[in-house]
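These notes are about the structure you will find just below.
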Amino acid sequence: MILRFTMLLLMAVLSLPAAAHHGWSEYDASKELRLTGTIGESGYEHPHGHIRLVTPGRTWHAVLAPPSRMSARGLPPADLKKGATVTVVGYPNRSKPDEMRAERIIVGDRTIELR
């Protein structure tokens, strides 16, 4: 009985990160956005990196890829520094009007695919 309880508890604890992770269905893939602005803030941490993209008229929270993928595809944290001008292509969140999921980011003359 104790072994069974311990196993159930362990499975519940291990499933918490998966339950906390959002699904991509909350983004509207039929409405592609292409936004150019400056980085107001950035994060290069798990589960996904992110930037605050300051554009004329609105500031967006852009959800990027996991750090390991960004690094493997040539996007180091230094490229996401505050004040840098970037273009982000992605999809808006269906319920959060200032959030988007980034498919790619253009930094200087490089385009980095994030998905």
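Residue pairs whose Cβ atoms lie under 8 Å apart, sitting 6 or more positions apart in sequence or on different chains, and linking a residue in segment 75-100 that is touching a residue at least 60 places away in the same chain (Cβ under 8 Å) to a partner that is acidic (Asp, Glu) and part of a loop (DSSP other than H, G, I, E, B), are GLY90/GLU32; TYR91/ASP28; TYR91/GLU32; PRO92/ASP28; ASN93/ASP28; ARG94/ASP28.
Filtered by the rule that a residue be in contact (Cβ under 8 Å) with a residue 24 or more places away in the chain, more than 11 Å from the chain's Cα centre (by Cα) and over 14 Å from THR38 (Cβ atoms), segment 101-115 gives ARG110, ILE112, GLU113.
A single entry from TYR44, TYR27 fulfils the requirement of being in contact with a strand residue (DSSP E or B) (Cβ under 9 Å, 6 or more places away or on another chain), at pLDDT 95 or above and farther than 19 Å from PRO97 by Cα: TYR44.
Based on what the data block shows, is ARG104 touching a His at 6+ places or on another chain (Cβ under 9 Å), assigned to a strand (DSSP E or B) and surrounded by 14 or more Cβ atoms within 10 Å (Cβ to Cβ)? No, not satisfied. Among the residues of segment 64-97, those that are under 16 Å from ARG34 (Cβ atoms) and either in contact with a Gly (Cβ under 9 Å, 6 or more places away or on another chain) or surrounded by fewer than 16 Cβ atoms within 10 Å (Cβ to Cβ) (or both) comprise LEU64, THR85, VAL86, THR87, VAL88.
The values are calculated or read from the model by the stated rules, or taken from the named source; none is laboratory data. Predicted model, so just to flag it, every value in this text is computed and none were measured. All Cβ positions, even for glycine, are placed from backbone atoms using ideal geometry, and neighbour counts span all protein chains on display.
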